[in-house]
Amino acid sequence: MNVTEIITYIEQNFNRTQATGLNSLIFLALREQTTVMHQKKEWGFDDIPVPIARWCDELQDQYLLAIATAINTHLLDELTNKSMFANSAQNHVVQAIEPQKQPSLLSDY
């Protein structure tokens, strides 16, 4: 599989927890100079499908980073869309601001 196919598969089939988990495994593999499959076994991320981990292991580092970037972008877009929807669904009420008397300062005396 190529990078685009992997990204498409992740976006269509992974929930947020799985996407975050795969992203973590990718970064751990890059940091520790191991494989995604090794990190999956070490950390016990059983919800990440084995074929995806193996496909990631066939890629060079720059392509792994491209996948991680796509996952981050997708997660950020998801959070942004939820935030925008939540804000737009709220009723906004205009309230008048009444002037308040400011207490005098001690330095005014």
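The values are calculated or read from the model by the stated rules, or taken from the named source; none is laboratory data. The model shown is predicted, which means the values in this text are computed figures rather than measured ones. Cβ placement follows ideal geometry from the backbone for every residue including glycine, while neighbour counts extend to all protein chains displayed. To get the accessible areas, we keep the full protein, side chains included, count just its heavy atoms, and leave off ligands, DNA and RNA. Shrake-Rupley method; radii C 1.70, N 1.55, O 1.52, S 1.80 Å.
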Collect the residues in region 11-39 that are buried (at least 19 other Cβ atoms within 10 Å of the Cβ) and β-branched (V, I, T), keeping them in residue-number order.
I26, V36
Inside region 45-63, the number of residues satisfying the requirement of being open to solvent by 100 Å² or more (accessible area, probe 1.4 Å) and of a type outside the set (S, T, N, Q) is 4
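Scan region 74-93 and tell me whether some residue there is over 35 Å from the mean Cα position of the chain (by Cα), at pLDDT below 80, surrounded by fewer than 10 Cβ atoms within 10 Å (Cβ to Cβ) and among the polar types (S, T, N, Q). First the steps, then the outcome.
Taking region 74-93 first, the residues over 35 Å from the mean Cα position of the chain (by Cα) are none.
No, because not a single residue in region 74-93 is over 35 Å from the mean Cα position of the chain (by Cα), at pLDDT below 80, surrounded by fewer than 10 Cβ atoms within 10 Å (Cβ to Cβ) and among the polar types (S, T, N, Q).
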Test for E42: is it exposed (fewer than 14 other Cβ atoms within 10 Å of the Cβ), over 20 Å from E11 (Cβ atoms) and at pLDDT 95 or above:
yes
Are there any pairs, at least 6 apart or on different chains, whose C-beta atoms fall under 7 Å, with the first in region 30-54 and free of Cβ contacts under 8 Å to residues at least 40 places away in the same chain and the second not in a helix (DSSP H, G or I), and if so, which?
K40/I48
Condition met for A66 (buried (at least 17 other Cβ atoms within 10 Å of the Cβ) and under 19 Å from N2 (Cβ atoms)):
no
Only residues that are small (G, A, S) and in a helix (DSSP H, G or I): list them for region 21-60, please.
G21, S24, A29, A53
